[in-house]
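Here's the structure we're looking at; comments come further down.
The values are calculated or read from the model by the stated rules, or taken from the named source; none is laboratory data. The shown structure was predicted, so the numbers you read here are calculated from the model rather than taken from an experiment. For neighbour counting, all protein chains shown are included, and Cβ atoms are generated from backbone atoms with ideal geometry for every residue, glycine included.
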Amino acid sequence: MHYTEADILAACGQNALRNGRDYLQRGRVLSVEIDGSVIEGEVKGSQRAPYLQVISLKRRAGRLETGPRWCAVSRRARPACS
């Protein structure tokens, strides 16, 4: 499935899109994989070890929404990182 920037903006909001771009431009996004409606990214945050950010997207009534989001830091899962 292909997502446009407008889709992601509508689903995640301006702040998340801006933060994601900032991380990408600063070289903190180490990898990204898209498998259907699930996006996984390995990100270098402020901690020594990178973390895994997972976002699931779904269409509801013709609109893209985020489903469950979480990140794993040091092999601990927690609700979505900002």
query = So is residue 21 surrounded by fewer than 16 Cβ atoms within 10 Å (Cβ to Cβ) and modelled with pLDDT of 85 or more or not?
reply = yes
remark   = Within region 24-39, of all residues that are in contact (Cβ under 8 Å) with a residue 12 or more places away in the chain and β-branched (Val, Ile, Thr), the one surrounded by the fewest Cβ atoms within 10 Å (Cβ to Cβ) is 38
request  = Only residues that are more than 14 Å from residue 64 (Cα to Cα) and assigned to a helix (DSSP H, G or I): list them for region 6-37, please.
outcome  = 14, 15, 16, 17, 18, 19, 20, 21, 22, 23, 24, 25
